[in-house]
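Worksheet: one structure, shown below.
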Amino acid sequence: MKVLITGVAGFIGSHLVERVLKEGHEVYGLDIMLRGNKDNISELESIKDFHFFETSILDETSLEMLIKKCDIIFHLAAAVGVENVIGDILKVIDINVDGTKKVVSIAHKYQKKVIFTSTSEIYGKSKNVPFREDDDRVLGPTTIDRWVYSLTKALGEYMLIGYSREGLAMSIVRFFNAYGPRLDIEGSGRVISRFIVQALSGKQITVIGNGRQTRCFTYVDDVIDGLVKCATNSKAEGQIFNIGNPQEISIKDLANLIKNILGSKSEIVHIDSRELYGSGYEDISRRVPDISRSKELLDFVPKVGIEEGIKKTIEWFKKKNELYP
Ligand SMILES: NC(=O)c1ccc[n+]([C@@H]2O[C@H](COP(=O)([O-])OP(=O)(O)OC[C@H]3O[C@@H](n4cnc5c(N)ncnc54)[C@H](O)[C@@H]3O)[C@@H](O)[C@H]2O)c1
């Protein structure tokens, strides 16, 4: 099978391409390195079944050429993460809405299946945990930039649903805080990267607020497993799935876990979110997936617990530090 992965050089894309190649498929990947990193896919350059194109999903000509060639599209390219979108809402709308429209409409034109990667941010600040796929969404005001990410991903979902009514084969996955090797090392916005880098370098570990807010971190191997199951199981057709690990941990406990695993002397301090992100940010108190639908239809069961996953991630960060001191 020929597979197109948009955002292939990103954190999740780079793991997905390895898995799809391992399963014997030919992969076409595109990325503009907005956040992705050529190092993430450099080891694949010599593989004859992997073809990389440094091009944008906004470039219709190359997009059409690639979609035409392939049987299925994993659409991962996006301006990602609430913290990274702050201050740049027009770019987010361009990529996540206009870009997704191009991917989906061309896929529809050539009748190619699309797996769209959405997010737990869809649920916004709903207090109705655990979140089920059909739950209400609760968002803050448009004066707070962070909500644009949720909104653009929701528009993406609507596009998929709309085109599926016109015959497009598709599924939607909503990830919950994926982590693992190749998480951006600068830690721009991803709490696990930030804490690991701070703990490794002996700097203060900066917890936003009181740290009682919780997340359900999902190890990247489980994320890829969910994605692949979604693409290969006929029961996934037309459906939306939460792909996450329901194991809930507070951000304060996460900081302690990372500090203890590393035996770090870093002090854990509490800071106001405005120090990091300015006024365009608002935190969410709890975010937990209900994965009954994924379990029932896809047989999706996350296998890697938080401690094991953090240890594996730390190993990668340590190696990376040796390579780039
Ligand atoms: N990592 C998570 O925890 C998480 C959670 C929920 C949803 N998601 C979704 O999963 C997908 C992958 O996320 P990720 O964590 O790998 O993020 P990432 O930022 O590492 O990867 C996204 C990739 O898309 C690329 N990209 C951006 N704009 C592009 C464009 N116009 N054309 C081509 N490529 C472009 C970036 O350069 C980057 O390599 C995204 O759609 C994201 O919204 C991720």
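The values are calculated or read from the model by the stated rules, or taken from the named source; none is laboratory data. Here the structure is a predicted model, which is why all the values come from computation and not from measurement. FYI the Cβ positions are ideal-geometry reconstructions off the backbone, even for glycines, and counts take in every protein chain you see. Only protein heavy atoms, including side chains, enter the accessible area calculation; ligands, DNA and RNA are left aside. Shrake-Rupley method; radii C 1.70, N 1.55, O 1.52, S 1.80 Å.
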*List every residue pair whose Cβ atoms sit under 7 Å apart, with the two residues 6 or more apart in sequence or on different chains, where the first one lies in the range 65-81 and is within 17 Å of residue 232 (Cα to Cα) and touching a residue at least 40 places away in the same chain (Cβ under 8 Å) and the second, anywhere, is surrounded by fewer than 19 Cβ atoms within 10 Å (Cβ to Cβ) and of a type outside the set (Lys, Arg).*
71/1; 72/1
*Which condition does residue 250 not pass, out of (1) out of contact with any Gly (no Cβ under 7 Å at 6 or more places or on another chain); (2) within 17 Å of residue 190 (Cα to Cα), if it passes all the others?*
(1)
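In the range 240-247, is there at least one residue being away from the ligand (no atom under 16 Å from the Cβ), among the small types (Gly, Ala, Ser) and surrounded by 18 or more Cβ atoms within 10 Å (Cβ to Cβ)?
Let us first name the residues in the range 240-247 that are away from the ligand (no atom under 16 Å from the Cβ), namely none.
No.
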*Scan the range 191-206 residue by residue and report those that are of a type in the set (A, V, I, L, M) and more than 14 Å from the ligand (Cβ to nearest atom).*
196, 197, 199, 200, 205
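Matching residues to (1) modelled with pLDDT under 95; (2) under 15 Å from the mean Cα position of the chain (by Cα); (3) more than 7 Å from the ligand (Cβ to nearest atom); (4) not in a strand (DSSP E or B):
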site: 3; (1), (2), (3), (4): no, no, yes, no
site: 9; (1), (2), (3), (4): no, yes, no, yes
site: 18; (1), (2), (3), (4): no, no, yes, yes
site: 21; (1), (2), (3), (4): no, no, yes, yes
site: 27; (1), (2), (3), (4): no, no, yes, no
site: 30; (1), (2), (3), (4): no, no, no, no
site: 34; (1), (2), (3), (4): yes, yes, no, yes
*asked:* When you check residue 14 against the structure, is it touching a helix residue (DSSP H, G or I) at 6+ places or on another chain (Cβ under 8 Å) and more than 7 Å from the ligand (Cβ to nearest atom), yes or no?
replied: yes
*asked:* Residue pairs, Cβ under 8 Å, 6 or more apart or interchain, first in the range 162-177 and without any contact (Cβ under 8 Å) to a residue 60 or more places away in the chain and in the same structural domain as residue 237 (by TED's automatic domain parsing), second within 16 Å of the ligand (Cβ to nearest atom) and of a type in the set (Ser, Thr, Tyr). List them.
replied: 163/105
*Out of all the residues in the range 251-269, which are more than 17 Å from residue 216 (Cβ to Cβ) and among the hydrophobic types (A, V, I, L, M, F, W, C)?*
261, 262, 268, 269
*Residues in the range 228-237: is at least one hydrophobic (A, V, I, L, M, F, W, C) and not assigned by TED's automatic domain parsing to the domain that holds residue 128?*
no
*Please find, within the range 131-190, the residue that is nearest to the ligand (Cβ to nearest atom) out of those that are at pLDDT 95 or above, charged (D, E, K, R) and open to solvent by 20 Å² or more (accessible area, probe 1.4 Å).*
137
*So how many residues does the range 77-115 have that are in contact with a strand residue (DSSP E or B) (Cβ under 7 Å, 6 or more places away or on another chain), more than 11 Å from the ligand (Cβ to nearest atom) and open to solvent by 10 Å² or more (accessible area, probe 1.4 Å)?*
2
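Restricting to strands (runs of 3 or more DSSP E) lying wholly in the range 157-264: which have 3 or more residues that are under 20 Å from residue 10 (Cα atoms)? Show your work before the answer.
Details: elements: 170-175, 205-208, 240-243.
Passing ranges, in order: 170-175.
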*asked:* Can you find, within the range 46-68, the residue that is least open to solvent (accessible area, probe 1.4 Å) among those that are more than 14 Å from the ligand (Cβ to nearest atom) and touching a strand residue (DSSP E or B) at 6+ places or on another chain (Cβ under 6 Å)?
replied: 50
*Which of (1) at pLDDT below 95; (2) within 30 Å of residue 63 (Cα to Cα); (3) aliphatic (A, V, I, L, M) does residue 122 not meet, given it meets every other one?*
(1)
